[in-house]
1. Looking only at the range B:153-161, decide whether some residue is in a loop (DSSP other than H, G, I, E, B) and either in contact (Cβ under 8 Å) with a residue 40 or more places away in the chain or under 30 Å from B:GLN224 (Cα atoms) (or both).
2. Do you know which residues across the range B:176-202 are open to solvent by 100 Å² or more (accessible area, probe 1.4 Å) and part of a strand (DSSP E or B)?
3. List pairs: first residue in the range B:5-32 and on the phi > 0 side of the Ramachandran plot, second residue open to solvent by 30 Å² or more (accessible area, probe 1.4 Å) and in a helix (DSSP H, G or I) anywhere in the structure, Cβ distance under 7 angstrom, at least six positions apart or on different chains.
4. From A:VAL46, A:VAL26, A:VAL76, which residue is touching a residue at least 24 places away in the same chain (Cβ under 8 Å) and of a type in the set (A, V, I, L, M, F, W, C)?
5. If B:MET154 satisfies all but one of (1) open to solvent by 50 Å² or more (accessible area, probe 1.4 Å); (2) among the aliphatic types (A, V, I, L, M); (3) at pLDDT 85 or above, what's the number of the condition it fails?
6. Could you check how many residues of the range B:78-124 are without any contact (Cβ under 8 Å) to a residue 12 or more places away in the chain and in a helix (DSSP H, G or I)?
7. Search the range B:318-344 for residues being part of a strand (DSSP E or B) and among the basic types (Lys, Arg), and hand back the single one that is most open to solvent (accessible area, probe 1.4 Å).
8. Of these, B:GLU267, B:GLU262, which one is outside any strand (DSSP E or B) and within 30 Å of B:GLU351 (Cα to Cα)?
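The values are calculated or read from the model by the stated rules, or taken from the named source; none is laboratory data. What you are looking at is a predicted structure, and each value in this text was computed from that prediction instead of being measured. Reconstructed Cβ throughout: ideal geometry from the backbone, glycine too, with neighbour counts over all protein chains shown. In case anyone asks, the SASA skips ligands and DNA or RNA and just uses the protein heavy atoms, side chains included. Shrake-Rupley method; radii C 1.70, N 1.55, O 1.52, S 1.80 Å.
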Amino acid sequence: MPQDRKKQNKRKKKEKEPGAGLKEKVTEILELPKEVILDLPKITLVGAGNLILENYKGIIEYSEERVRINTSIGIVKITGSRLVIKEITSEDIMVDGDIESFEFLK
Amino acid sequence: MLLLRLWNYVRGYVIIIVEGYFLEKFINICTRRQILLWDLKKQSKSRISLKISIKGFKKLRDIARKTHCRVRIQAKCGLPFVVHKYKKRKAFVLGAFIFIAIFYVLTSFVWNVEINGNNKLETQAIMDYLADYGIKPGVLKYGINTDEVVNKIMMDMEELAWVEISLKGTKVRVEVRERVKPPETLPKDQPCDIVAARDGLIKSVFTKVGQQQVKAGDTVTRGQVLISGTVVSRNENVPPKKVHAMGIVNARTWYEKKVAVETVTEEKVRTGRKADIYSLELFNKRLSLQSKQVPFQNYEKVEIKKELSIGEDLVLPFAIIIETFYENNIIKKEIDLDEAKSIAAEKARQELAEEIPESAQIVKTDLKFTEDENGKLTAVVLIECLEDIGVEKAIGGN
């Protein structure tokens, strides 16, 4: 019956998309900085030689070829050669060197 | 981040080498305790070099113990270490202060006064005026009020149309512009005649105000009245009216100049021998360094003064003066007659050109040579001009 089909459509619309919580929606609509509100790490990569990772939890491994950093969304791995930690504070890390890849290890 | 790095240099930092197995743990603890590390370089599997501030370094002992790492200082950088090194060199520091103090004192005085822009007026005259008002080498800079001096000089020297005095470094720069004097005219309400400034042959008379006394073709002498300011009417009963005569009287005038023709001239030729005499000038007083005198009889002097100055404006009162004397021989040279004649003619022409007023039109130039009883030649240049020879002269006045 046409009334039933209308009810079915309405229910479909009410289903929420997976992973989109209230916070995320508000952040998106008001265009607030996501990394501040949602505690996400922010990665800035300049060319293939300079990487800044803001908002991390700790450093797990550091060697000239591999750097592994713990963040709120999981472990992040940077592979390359001649990697050097240019600066490190309690919130940001800046890695310099010849970066080959950047992975999210989930 | 550069500002941070600079700040760290000012505060002082150390380059250390940390050796151990749990290096990452070491780094994590440091960062969690808000100790800033930078330039971390892994040297081997268990060795890392990094830079840390002095403040942070003091907290390291505890952390190193916790993570079983050994900490060694590789280098110390920063201002605090520099200062510590110079703590032992007290004389050096004192000398530096004295140097700065003396320099500051020396540049608080005026050591140089420069005058520009004067053509007719003598530089020394302006310098003397300035000295009277307190601007001369050796006075304190801070006591000079340039506006006041500008006003005073403008009032005193009427030949100047504009004066600017600026004080830069230890130099006082004075720019002047001379006043072009307008031709002296008598006031319009004062009656006057127009008289001839020179002898001449009248070509045309244009009378605006007054009674014309001469006509074209007349020969007039200097001082003769051309346009009279006393207007006599034809009616004898009416008394003569006194007016301020105005008009243009164009006449042909002549200018003559005689210059003797010299076939024998004296010329100064350098022999090639020269001597240098050095002397110092301190605080505007000269001290000669050598006691020798000029060894030549006839000489030419070239003086070079080298002042100690920083840039163009900060001139210090120390100078070296090198006087170079070139020996000259006076040689009597004989030039041939034609060349001598043209030299004399040129000289006469140049002297005349200065005499002729700018408004005059040159009609003809004549060159003649006369010979006197001894056979000596004289060049005579005669220039004929067309000019306005009328000038105002007060009636009954000078």
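1. Initially, the range B:153-161 is screened for residues in a loop (DSSP other than H, G, I, E, B), giving B:157-159.
Remaining after also requiring either in contact (Cβ under 8 Å) with a residue 40 or more places away in the chain or under 30 Å from B:GLN224 (Cα atoms) (or both): none.
No.
2. Scanning the range B:176-202 gives a single hit, B:ARG177.
3. That search, which allows pairs on different chains as well, returns B:GLY12/B:ILE54; B:GLY12/B:LEU79; B:GLY12/B:PRO80; B:GLY12/B:PHE81.
4. Details: A:VAL46 fails: touching a residue at least 24 places away in the same chain (Cβ under 8 Å); A:VAL26 fails: touching a residue at least 24 places away in the same chain (Cβ under 8 Å).
The unique qualifying residue is A:VAL76.
5. The failed condition is (3).
6. First, pick out the residues of the range B:78-124 that are without any contact (Cβ under 8 Å) to a residue 12 or more places away in the chain: B:82-105, B:122-124.
This time we only want the ones that are in a helix (DSSP H, G or I), so: B:82-86, B:90-105, B:123-124.
Within the range B:78-124, residues that are without any contact (Cβ under 8 Å) to a residue 12 or more places away in the chain and in a helix (DSSP H, G or I) number 23.
7. Taking the range B:318-344 and keeping what is part of a strand (DSSP E or B), we get B:318-334.
Then drop every residue that is not among the basic types (Lys, Arg), which leaves B:332-333.
Details: B:LYS332: 144, B:LYS333: 91 Å².
The extreme case among them is B:LYS332.
8. When all the criteria are applied, what remains is B:GLU262.
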